[in-house]
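Taking it in order: structure first as structure tokens, then the write-up.
The values are calculated or read from the model by the stated rules, or taken from the named source; none is laboratory data. Note that this is a predicted model, so its numbers are computed, not measured. Because the Cβ atoms are built from the backbone with ideal geometry, glycine has one as well, and the counts that use them run over all protein chains shown. Each accessible area value is taken on the protein alone, full model and side chains, heavy atoms only, with ligands, DNA and RNA left out. Shrake-Rupley method; radii C 1.70, N 1.55, O 1.52, S 1.80 Å.
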Amino acid sequence: MSDPACPVCRAGTSTPFATIDGFGYFECGACGSLHIDPQVLAAIDAGEQPLGAYADRYWKQERKAAQERAAGSSLCCAGEAILYCRRPVERFLDVGTGPGYLLERLQALLDPEARIFHGVEKFPPAYAVDCPNFDVGDVAGLDGSFDAGTCIEVIEHLTPAVLDHIARALRRLSRKGSLWLLNSGMPEYVKHEDPGYLDPTRRGHIVSYSIRGLEAIFAPHGFRISPLPGKSYASIAEFDPDPAPEDFSERIYRPLPENDALLARCGLLRQATIQSARASYYFGGYLERTRWALSLDRELAELRDQHARQLRELAQQYEHELAELRAQLPQAADAGDAAAPGGRSG
């Protein structure tokens with residue numbers, strides 16, 4: 001079987017990456033995304049269940065984790081989406097809100113009148129919350145427009161075709177400069193931080209989208225994809241954005257006053273959001289400097305090896321020449337003796 005074309009960017013060829021629970025995963029040589037066998041993706045898009053009917057098991061095992069995320073990491077993700085957005089956030093959407101725990105928490109902390117925060121989930125679990133602005137259905141069925149939103153621990157479950165469907169829907173729901181924070185483990189996260197992230201039958205993690213892979217899907221719909229410094233598990237998609245600030249720190253230290261005021265409705269959340277953003281930003285800088293230092297070290301090592309090889313080659317060359325000179329000395333001496341007056345004769 002020849003290596004398949006990448007189903008994410010459609011520009012590269014994928015090669016085998018790993019076999020997990022009997023399912024083959026591949027890595028694209030062009031965009032770097034990791035994906036399950038394209039035939040499995042096609043079967044999912046056709047409405048089949050090649051991974052088994054794991055949805056009920058998934059929601060049962062995710063309940064506690066979803067509660068913990070809604071009170072911690074997911075809450076900070078939502079805060080960062082507001083912090084980074086370069087337009088006032090008047091309507092916010094959590095795409096794939098699951099049981100709605102995050103939506104409920106955001107409304108309790110920042111929006112008790114339920115005017116700002118919304119959530120949409122196509123297949124909510126039986127224990128989903130009952131709160132305002134919780135829409136059950138496809139994101140494409142929503143009305144109105146939004147300034148910012150999150151999509152947390154969702155896209156790794158989606159085929160490229162389904163993600164393209166969501167990107168198309170978000171284009172219709174976005175205003176100029178709308179920002180969407182995508183939280184999902186990217187290939188470097190899988191390779192260096194969580195090798196067990198790809199998980200077809202228990203959690204349904206079938207694709208790890210790279211930045212270039214996300215660009216291939218979102219850019220045709222008018223979005224700019226940007227990595228988040230220091231986070232190998234998050235990126236942002238901005239619709240029809242103005243030029244980005246010269247440095248990402250501008251988003252952290254100079255947020256729009258309206259968005260800063262929204263976060264300030266809960267001082268603890270605002271502080272946690274800023275500290276989370278700063279920690280990632282400076283960690284990203286540390287990683288960049290470390291990569292730069294390591295690259296210099298590799299260059300120095302290569303130069304040392306190169307010079308050592310050159311010195312060895314020169315030494316061998318000189319030894320060879322010296323050996324030839326030594327071999328010629330007796331001959332030259334004999335020739336000189338023969339030519340001298342009274343020299344030896346045969």
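Exactly one residue out of SER276, SER232, SER295 is small (Gly, Ala, Ser) and at pLDDT below 85, and it is SER295. The residue that is farthest from CYS28 (Cα to Cα), among those in the range 221-247 that are in contact (Cβ under 8 Å) with a residue 24 or more places away in the chain and open to solvent by 60 Å² or more (accessible area, probe 1.4 Å), is ASP242.
The sole residue among ARG105, ARG168 that is modelled with pLDDT of 95 or more, more than 27 Å from LEU34 (Cα to Cα) and open to solvent by 20 Å² or more (accessible area, probe 1.4 Å) is ARG105. Residue count for the range 111-125 satisfying the condition of being over 17 Å from HIS165 (Cα atoms) and either of a type in the set (Gly, Ala, Ser) or surrounded by fewer than 22 Cβ atoms within 10 Å (Cβ to Cβ) (or both): 9.
Go through the range 203-234 and give me each residue that's part of a strand (DSSP E or B) and farther than 18 Å from ARG171 by Cβ. Steps first, please.
Restricting attention to the range 203-234, the residues satisfying the condition of being part of a strand (DSSP E or B) are 205, 207-208, 223-227, 234.
Listed by number, the residues that qualify are HIS205, VAL207, SER208, PRO227, ALA234.
Taking the options PRO99, PRO132, name whichever one is more than 24 Å from the chain's Cα centre (by Cα), part of a loop (DSSP other than H, G, I, E, B), in contact (Cβ under 8 Å) with a residue 24 or more places away in the chain and crowded, with 20+ Cβ neighbours inside 10 Å.
Values: PRO132 fails: crowded, with 20+ Cβ neighbours inside 10 Å.
That would be PRO99, the only listed residue that is more than 24 Å from the chain's Cα centre (by Cα), part of a loop (DSSP other than H, G, I, E, B), in contact (Cβ under 8 Å) with a residue 24 or more places away in the chain and crowded, with 20+ Cβ neighbours inside 10 Å.
Tell me, yes or no, whether the range 60-68 has at least one residue that is without any contact (Cβ under 8 Å) to a residue 60 or more places away in the chain, surrounded by fewer than 21 Cβ atoms within 10 Å (Cβ to Cβ) and within 15 Å of PHE146 (Cβ to Cβ). No, because not a single residue in the range 60-68 is without any contact (Cβ under 8 Å) to a residue 60 or more places away in the chain, surrounded by fewer than 21 Cβ atoms within 10 Å (Cβ to Cβ) and within 15 Å of PHE146 (Cβ to Cβ).
In the range 136-162, the qualifying residues are those that are part of a helix (DSSP H, G or I) and of a type in the set (A, V, I, L, M, F, W, C), and the one that is surrounded by the most Cβ atoms within 10 Å (Cβ to Cβ) is ILE155.
If I filter the range 163-200 down to residues being among the aliphatic types (A, V, I, L, M) and part of a helix (DSSP H, G or I), which single residue comes out as nearest to the chain's Cα centre (by Cα)? So the residue we want is VAL190.
Against the numbered list (1) under 22 Å from THR19 (Cβ atoms); (2) part of a helix (DSSP H, G or I); (3) free of Cβ contacts under 8 Å to residues at least 24 places away in the same chain, GLU250 comes up short only at (1). Of all residues in the range 29-59, those that are open to solvent by less than 70 Å² (accessible area, probe 1.4 Å) and in contact with a strand residue (DSSP E or B) (Cβ under 6 Å, 6 or more places away or on another chain) total 4. A single member of LEU300, LEU268, LEU214 is open to solvent by 80 Å² or more (accessible area, probe 1.4 Å), more than 26 Å from ARG105 (Cβ to Cβ) and among the aliphatic types (A, V, I, L, M), and it is LEU300.
If we scan the range 64-76, do we find a residue that is in contact with a strand residue (DSSP E or B) (Cβ under 6 Å, 6 or more places away or on another chain), closer than 25 Å to GLU258 by Cα and at pLDDT 95 or above?
Of the residues in the range 64-76, the ones in contact with a strand residue (DSSP E or B) (Cβ under 6 Å, 6 or more places away or on another chain) are 74.
Within this subset, residues satisfying the condition of being closer than 25 Å to GLU258 by Cα are 74.
Retained after the next criterion (residues that are at pLDDT 95 or above): 74.
Among the residues of the range 64-76, at least one is in contact with a strand residue (DSSP E or B) (Cβ under 6 Å, 6 or more places away or on another chain), closer than 25 Å to GLU258 by Cα and at pLDDT 95 or above, which makes the answer yes.
Does at least one position in the range 274-297 carry a residue that is basic (Lys, Arg), within 24 Å of SER178 (Cα to Cα), in contact (Cβ under 8 Å) with a residue 40 or more places away in the chain and open to solvent by 50 Å² or more (accessible area, probe 1.4 Å)?
Initially, the range 274-297 is screened for residues basic (Lys, Arg), giving 278, 289, 291.
Now drop any that are not within 24 Å of SER178 (Cα to Cα), which leaves 278.
Checking the rest, the ones that are also in contact (Cβ under 8 Å) with a residue 40 or more places away in the chain come to none.
No, because not a single residue in the range 274-297 is basic (Lys, Arg), within 24 Å of SER178 (Cα to Cα), in contact (Cβ under 8 Å) with a residue 40 or more places away in the chain and open to solvent by 50 Å² or more (accessible area, probe 1.4 Å).
Out of (1) among the small types (Gly, Ala, Ser); (2) in contact (Cβ under 8 Å) with a residue 24 or more places away in the chain; (3) surrounded by fewer than 18 Cβ atoms within 10 Å (Cβ to Cβ), what's the single condition that is false for ALA78? Condition (3) is where ALA78 drops out.
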